[in-house]
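Quick notes on the structure that follows.
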Amino acid sequence: MTTKYLDGTGLRYFRDTYVLTETQVTQLIQTALSQFKQDVFTVVSVLPQTGNEGIAYMIPSTTDNTKYDVYVWEITDDTTTPPTYGWKPLSQVDVSPDLTNYYTKTEVDGLLTGKASSTHIHGNITNDGKLATGNRVVITDSQGSINTSSVSDTELGYLSGTTSNVQTQLNSKHDDTNHVPLTNAEIDQIMV
């Protein structure tokens, strides 16, 4: 069995494999864990007398030296003044959020019953503010709701440039009720 040390790093070469000692592995784990934000995780060798809420304290496991036990400092008795604090293993910590002031899905669904959906149409206008039928003249109905008429935008364009009531203008055109229609022969004589 040949053991070689490489470049003073402490790595050992054994049977074509680089290996680390248990101490080196523990040191690498602690170095990696120290990279975590200190306001979330703190690695300690033993739990201190007191801790800070919101920080997870990690200590080497007493049963497996490749693992850590995680503890949090929190209130253990809130009936005393001031409350009593203590260490709790993370497995015993109540991590369910307090949803007292939040609506449940059933309550929200109940509140939304009868409300407009994203595809609901109000009169002829959808929730995204568009009319259900395009290229039509916008009108209001007898209740004042916005709607579309049967008049297209092209037909409305024919009225562009009018200066007065179109029907009045048509009525003032020459009235042909007092005229006698011409016969074909009379038309032919005019054309000569």
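The values are calculated or read from the model by the stated rules, or taken from the named source; none is laboratory data. If you're wondering where the values come from, they're calculated on a predicted model, not measured in any experiment. We place every Cβ from the backbone using ideal geometry, glycine too, and count neighbours over all the protein chains shown.
In the set 150, 145, 118, which member is exposed (fewer than 11 other Cβ atoms within 10 Å of the Cβ), modelled with pLDDT under 80 and of a type outside the set (A, V, I, L, M)? Even if it seems obvious, please write down each step before you answer.
Values: 150 fails: modelled with pLDDT under 80; 145 fails: exposed (fewer than 11 other Cβ atoms within 10 Å of the Cβ).
None of the others qualify; the one that does is 118.
Say we look at the stretch 46-72 and pick out the residues that are in a strand (DSSP E or B) and either under 38 Å from the mean Cα position of the chain (by Cα) or basic (Lys, Arg) (or both); which of these is nearest to residue 25 (Cα to Cα)? It would help to see each step written out before you state the result.
The initial filter retains those residues of the stretch 46-72 that are in a strand (DSSP E or B), namely 56-60, 68-72.
Imposing the further condition that a residue be either under 38 Å from the mean Cα position of the chain (by Cα) or basic (Lys, Arg) (or both) reduces the set to 56-58, 68-72.
Details: 56: 22, 57: 20, 58: 16, 68: 13, 69: 17, 70: 19, 71: 22, 72: 25 Å.
Applying the filter and picking the extreme gives 68.
Could you check, for the stretch 5-24, whether at least one of its residues is of a type in the set (D, E, K, R) and at pLDDT 80 or above? Write out each step before concluding.
Just the residues of the stretch 5-24 that are of a type in the set (D, E, K, R), to begin with: 7, 12, 15-16, 22.
Filter once more, so that each one left must be at pLDDT 80 or above: none.
Checking the stretch 5-24: not a single residue is of a type in the set (D, E, K, R) and at pLDDT 80 or above.
With respect to residue 75, determine if the residue is surrounded by 10 or more Cβ atoms within 10 Å (Cβ to Cβ), at pLDDT below 80 and either under 36 Å from the mean Cα position of the chain (by Cα) or not aliphatic (A, V, I, L, M) (or both).
Values: surrounded by 10 or more Cβ atoms within 10 Å (Cβ to Cβ): yes; at pLDDT below 80: no; either under 36 Å from the mean Cα position of the chain (by Cα) or not aliphatic (A, V, I, L, M) (or both): yes.
No.
Check the stretch 153-167 and report whether any residue there is in a loop (DSSP other than H, G, I, E, B), of a type outside the set (Gly, Ala, Ser) and closer than 17 Å to residue 131 by Cβ. Walk me through it before giving the result.
Restricting attention to the stretch 153-167, the residues satisfying the condition of being in a loop (DSSP other than H, G, I, E, B) are 158-165.
Okay, now just the ones that are also of a type outside the set (Gly, Ala, Ser), so 158-159, 162-163, 165.
Remaining after also requiring closer than 17 Å to residue 131 by Cβ: none.
Within the stretch 153-167, none of the residues are in a loop (DSSP other than H, G, I, E, B), of a type outside the set (Gly, Ala, Ser) and closer than 17 Å to residue 131 by Cβ.
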